[in-house]
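Since the structure comes first, as structure tokens, the remarks are kept for the end.
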Amino acid sequence: MELPAANDNVKLSAYRPNLPLSVLNGKAPSEGFDKSDYYQCYGDGSSVTSHASGALTGYETLDAPPHYDFYANTQVWGRRRRFRPSLYQLHGNPEDDSKPPMYEETTAEQMEGDTSEEDEEEQKEPPPEPTRFGWVQGVMIRCMLNIWGVILYLRLSWITAQAGIGLTWLIILISSTITGITGLSTSAIATNGKVKGGGTYFLISRSLGPELGGSIGLIFAFANAVAVAMHTVGFAETVTDLMREHGAVMVDRTNDIRIIGILTVTCLLAISMAGMEWESKAQVLFFLVIMVSFASYIVGTIMPASVEKQAKGFFSYRAAIFAANFVPDWRGPEGTFFGMFSIFFPSATGILAGANISGDLKNPTIAIPRGTLMAIFWTTFSYLIISATVASCVIRDASGSINDTLSSGSCDGLSCQYGWDFSECINNKTCTYGISNYYQTLSMVSAFAPLITAGIFGATLSSALACLVSAPKVFQCLCKDHLYPLIGFFGKGYGKNHEPLRAYLLTYIIASCFIII
């Protein structure tokens, strides 16, 4: 039976045996008391002697069993913590539940003061919890956005034209197998102990040692900083080309890319330094934009082909087109299996974007494995679907001229079955459209082409933002471990999330330098 604490305002006599006062005073009772009631009080016949001796001397020997609250350093907010009973409570007079006498260290006034202080502490609100993310928003969406990139929109259709549907699927599956094995290794480390902030560096340094972890972490942080510049330049080039199509030029093409790139990375820095909550909202926005672009593309493949699209090689779903594009048609110096594999494989990487913010996850041991593996699965599925659908609707070569309709003369090529004659540009190798020649095929097929451009913007900006967040987080953990001299300055965190603002500025400077270069 557990005794109450001193401040629970419960009578201690309720927990003591109901014995006659003469027995408690050491006198023999005039009438014998019922031993069965005494046994019922304790429920244990084996300890009658000790209980009786305690009762005869006026001391309570029924000690409280161990309880977690007696030894814990923390307590749940809003609940009064229980304390282990004192000797005064255990040895006090059964008929007297007063507080300790004055000669003890704790006086009544002190106890009342302590109680009021405890009440004030309980009334205080708990400190605000930092922002934490689950496996969907924190890992899966972040990894999917980092995996998708411009290769999906601008090169996947061309790779399919070179390798054919069959070998393209093989390339995709091999790449996903490699990243899947890496994801399983990351998951094994993440589930083998407590995961804190530092992402990849923390996992490697705590499993393989600081020697490997420190060297890999430093290079990984620098590589992410350079990747910010790469993705930002890809976005700036697309914007510059759109501006030039409409006659808008600031200085020249190279300097326009630099200006737009610096402005873009500055905006991304502002989003990152505003906090992980704002950065996560921006990532969700980019994810929705990419989903809308995918939907626009799928709808476009189902819609009937207009004359302009037919002149560019699009004829909607045709079994003959699928059969012709299923086999490879290698062209140019890069027209080999491993050449196409080397071009596609970077679009399968980026699976560590979720693990790199391990310190901002609610439960990293669950979020990292589940989110990473689900991201690999869904991105692989999207690559397979897009490569198969685009090669089932668009032929390899087309002129783009609406005057190249089928005439009475001889006609060579698959387009002859659909009333178009592209023999001249095929023989002269001057075709500018078709999946073998036109990188913007997805935009041409899409129901609304600007949505594909928006998807390219979303893919590049989300990847740049993910790298801009990953590099400072990893570098901050590396600085806190003091493995290298003179870098501890960048390990300081600010705010409830311990944001590495100094590391953010360092990453921004590195990215800006590479954008200018």
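The values are calculated or read from the model by the stated rules, or taken from the named source; none is laboratory data. Given the structure is predicted, the values throughout are model-derived calculations rather than measurements. A quick note on method: Cβ atoms are made from the backbone with ideal geometry, for glycine too, and the neighbour counts reach across all protein chains shown. Just the protein is used for accessible areas: all its heavy atoms, side chains included, with ligands, DNA and RNA removed. Shrake-Rupley method; radii C 1.70, N 1.55, O 1.52, S 1.80 Å.
Of G213, G247, G209, G217, which residue is over 23 Å from F448 (Cα atoms), modelled with pLDDT under 95 and surrounded by fewer than 20 Cβ atoms within 10 Å (Cβ to Cβ)?
Just a single option satisfies the conditions, and that option is G209.
Quick one: which of V289, V299, V327, V265 is farther than 23 Å from S399 by Cα, at pLDDT 90 or above, among the β-branched types (V, I, T) and open to solvent by 70 Å² or more (accessible area, probe 1.4 Å)?
Just one listed residue meets the conditions, V299.
Are any residues in region 481-501 open to solvent by 20 Å² or more (accessible area, probe 1.4 Å) and free of Cβ contacts under 8 Å to residues at least 24 places away in the same chain, and if so, which ones?
Of everything in region 481-501, those that are open to solvent by 20 Å² or more (accessible area, probe 1.4 Å) and free of Cβ contacts under 8 Å to residues at least 24 places away in the same chain turn out to be H482, P485, L486, I487, G488, F489, F490, K492, G493, Y494.
Which residue pairs have Cβ atoms closer than 7 Å, lie 6 or more positions apart in sequence or on different chains, and pair a first residue in region 218-232 that is farther than 13 Å from G149 by Cβ with a second residue that is among the small types (G, A, S) and open to solvent by less than 50 Å² (accessible area, probe 1.4 Å)?
The qualifying pairs are A221/A471; N224/S470; N224/A471; A225/A471; A225/A511; V228/A464; V228/A511; A229/A511.
Inspect region 255-267 for any residue being within 26 Å of V136 (Cβ to Cβ), of a type outside the set (S, T, Y) and assigned to a helix (DSSP H, G or I) and give the result as yes or no.
The answer is yes, given that some residue of region 255-267 is within 26 Å of V136 (Cβ to Cβ), of a type outside the set (S, T, Y) and assigned to a helix (DSSP H, G or I).
If I ask for residues that are assigned to a helix (DSSP H, G or I) and either surrounded by 24 or more Cβ atoms within 10 Å (Cβ to Cβ) or touching a Ser or Thr at 6+ places or on another chain (Cβ under 6 Å) (or both), which ones from region 425-453 would you list?
Hits for region 425-453 are C425, T441, L442, V445, A449, L451, I452.
Condition (residue is at pLDDT below 90, hydrophobic (A, V, I, L, M, F, W, C), surrounded by 19 or more Cβ atoms within 10 Å (Cβ to Cβ) and touching a Ser or Thr at 6+ places or on another chain (Cβ under 7 Å)) applied to region 138-148: is it met by at least one residue?
No, that holds for no residue.
Six or more apart or on different chains, Cβ atoms under 9 Å: show the pairs whose first residue is in region 255-270 and under 15 Å from L465 (Cβ atoms) and among the hydroxyl-bearing types (S, T, Y) and whose second is part of a helix (DSSP H, G or I) and open to solvent by 20 Å² or more (accessible area, probe 1.4 Å).
Pairs that qualify, where the first residue is under 15 Å from L465 (Cβ atoms) and among the hydroxyl-bearing types (S, T, Y) and the partner is part of a helix (DSSP H, G or I) and open to solvent by 20 Å² or more (accessible area, probe 1.4 Å), are T264/F235; T264/V239; T264/L461; T266/Y508.
Please work out if F475 is in a helix (DSSP H, G or I), of a type outside the set (S, T, Y) and open to solvent by 50 Å² or more (accessible area, probe 1.4 Å).
Judged against the criteria, F475 is not a match.
Before we move on, is A348 in contact (Cβ under 8 Å) with a residue 60 or more places away in the chain, open to solvent by less than 40 Å² (accessible area, probe 1.4 Å) and touching a Lys or Arg at 6+ places or on another chain (Cβ under 7 Å)?
no
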